[in-house]
Every structure is written in structure tokens, then in C-alpha cells.
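The structure under discussion appears below in the form of C-alpha cells.
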Amino acid sequence: MQSIDQTLTPDAGLPRRTWFKKSHPGAGHVDGIWHQDATCCAEGIEQERFDEAARFIPLTADALNAYSDRLDQATGVLTGA
């Protein structure tokens, strides 16, 4: 569980903030405040950058699936399954 947050750090970083790797929640492009889950997708939609949102939707889905897989593994360890 100590490294589960690493599943939420896609290599691409956030749009216009490639240095910022954690996307859930992420820092807003305009205000820098951590206020949105799936920041890269939400901002793309809000700012009508639909190509950007479409590029990050699969990356976000992959990150969330990896996170879910790690939670399932941890649950299995805790329940003995």
C-alpha cells in the first residue's frame, strides 16, 4: 500500500504542467489549486480542448485501473483470499 499513489502518476504529467505527475487530484492550470479529480480530463472539457481531454481519458482510465488492481491485491492479502 505504501506505493499505491505511484499508480496515479502517469509519465505524461498534466497538460501545460508536465513536471506535475500526480493527476488525481491535480493542480489547476489557472489557479494552481488542487481542486479536481481527473484534472487533465476535466480541464480539457471545461476549456473546450477536446483533443486534449481525449488524449488523457485513456491515461486516466489506465491509472485508475492500476489503482483498483492494487486495492484488490491489498484486499486479498487482508482477507486471505
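The values are calculated or read from the model by the stated rules, or taken from the named source; none is laboratory data. The structure presented is a predicted model; accordingly, all values stated were derived computationally and were not measured. Quick reminder, even Gly has a Cβ in these numbers, built from the backbone with ideal geometry, and neighbours come from all protein chains shown.
Looking at segment 37-75 only, could you name the residues that are modelled with pLDDT of 90 or more and in a helix (DSSP H, G or I)? Once the filter is applied, which keeps residues that are modelled with pLDDT of 90 or more and in a helix (DSSP H, G or I), segment 37-75 yields 50, 51, 54, 65, 68, 69, 70, 71, 72, 73, 74, 75. With the condition kept exactly as written, say whether any residue in segment 7-21 is at pLDDT below 65 and assigned to a loop (DSSP other than H, G, I, E, B). Within segment 7-21 (the criterion being at pLDDT below 65 and assigned to a loop (DSSP other than H, G, I, E, B)), the answer is yes, since at least one residue qualifies. For segment 48-68, the set of residues classified as of a type outside the set (Ser, Thr, Tyr) and surrounded by fewer than 12 Cβ atoms within 10 Å (Cβ to Cβ) consists of 48, 50, 51, 58, 65, listed by residue number.
Pairs are defined by a Cβ separation below 7 Å, a sequence spacing of at least 6 or placement on different chains, a first member in segment 63-81 that is more than 13 Å from residue 1 (Cβ to Cβ), and a second member that is part of a helix (DSSP H, G or I); the pairs so defined are 63/7; 63/8; 66/7.
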